């Protein structure tokens, strides 16, 4: 839950920090690691987070589901 995320990070428990946690998930999803091989002439890019969902968004009971990319 966002409550647990905020608690684990030592953040205050309120909507502002729930939004900050949501923004962090968005940035993690947008971040990618690239692997290149000059010898093979190949480049691969993999994102850490494949998908995430926020359930009951905007409510005290909001929670998130995060799907890690299988190649990670």
Flagged in segment 59-72 as outside any loop (DSSP other than H, G, I, E, B) and loosely packed, with under 11 Cβ neighbours inside 10 Å, in numbering order, are 65
Among residues of segment 32-58 being outside any strand (DSSP E or B) and surrounded by 11 or more Cβ atoms within 10 Å (Cβ to Cβ), the residue nearest to the chain's Cα centre (by Cα) is 48
Can residue 20 be described as without any contact (Cβ under 8 Å) to a residue 12 or more places away in the chain and within 15 Å of the chain's Cα centre (by Cα)?
-> yes
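None of the figures in this text is laboratory data; all of them are computed from the coordinates on show. If you're wondering where the values come from, they're calculated on a predicted model, not measured in any experiment. So basically every Cβ, Gly included, is an ideal-geometry build from the backbone, and we count neighbours across all protein chains shown.
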